[in-house]
Amino acid sequence: MREFGVVLAVAASGNVTVRAAGRSFPSEGHMVFDRTGRNLGRVARVFGPVAQPYVSVRPLRPPTLNEAAAWIGATVLDEGE
C-alpha cells in the first residue's frame with residue numbers, strides 16, 4: 001500500500017475529503033485505507049487542481065463523532081500500482 005494524502009475534513013454526510021500529496025492518487029471506485037490497513041471506503045469523486053487534487057471518499061458506514069475527529073489530519077493509503 002502507498003500513502004496518497006491527508007484527511008482535511010469529514011462532512012455531515014460522512015464523506016471524507018482528502019488532499020492528495022501529488023499527482024498520484026486512486027481513481028473513482030477504488031478502496032482506501034487508514035494506516036492500520038482498515039478499509040475506510042471508496043473514492044466517490046476526484047476534483048480540484050490536477051497537480052494536487054482533492055479526493056472525496058464515501059465511508060463504508062457513517063463515522064461516529066469520535067471517529068470523524070480522529071480522521072482529521074490522518075494519512076490515507078491506497079493499494080498502489
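Each value in this text was obtained by applying a stated rule to the coordinates, not by laboratory testing. This structure is a prediction, so every number in the text was calculated from the model and none was measured. Cβ: placed from backbone, ideal geometry, glycine included. Neighbour counts: every protein chain shown.
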Check on V7, touching a residue at least 40 places away in the same chain (Cβ under 8 Å), surrounded by 11 or more Cβ atoms within 10 Å (Cβ to Cβ) and hydrophobic (A, V, I, L, M, F, W, C):
yes
Out of contact with any Ser or Thr (no Cβ under 9 Å at 6 or more places or on another chain), of a type in the set (D, E, K, R) and part of a loop (DSSP other than H, G, I, E, B), is that true of R35?
no
Scan segment 64-81 residue by residue and report those that are part of a loop (DSSP other than H, G, I, E, B), within 11 Å of V6 (Cα to Cα) and not β-branched (V, I, T).
G73, A74
Residue among R61, R45 that is touching an Asp or Glu at 6+ places or on another chain (Cβ under 9 Å), of a type in the set (K, R) and more than 19 Å from M1 (Cα to Cα):
R45
Restricted to segment 21-39 and to residues being closer than 10 Å to D78 by Cβ and aliphatic (A, V, I, L, M), the residue farthest from the chain's Cα centre (by Cα) is M31
If we ask which residues in segment 62-76 are touching a residue at least 60 places away in the same chain (Cβ under 8 Å) and surrounded by 11 or more Cβ atoms within 10 Å (Cβ to Cβ), their number turns out to be 5
From V18, V50, V32, V46, which residue is surrounded by fewer than 11 Cβ atoms within 10 Å (Cβ to Cβ) and on the phi < 0 side of the Ramachandran plot?
V50
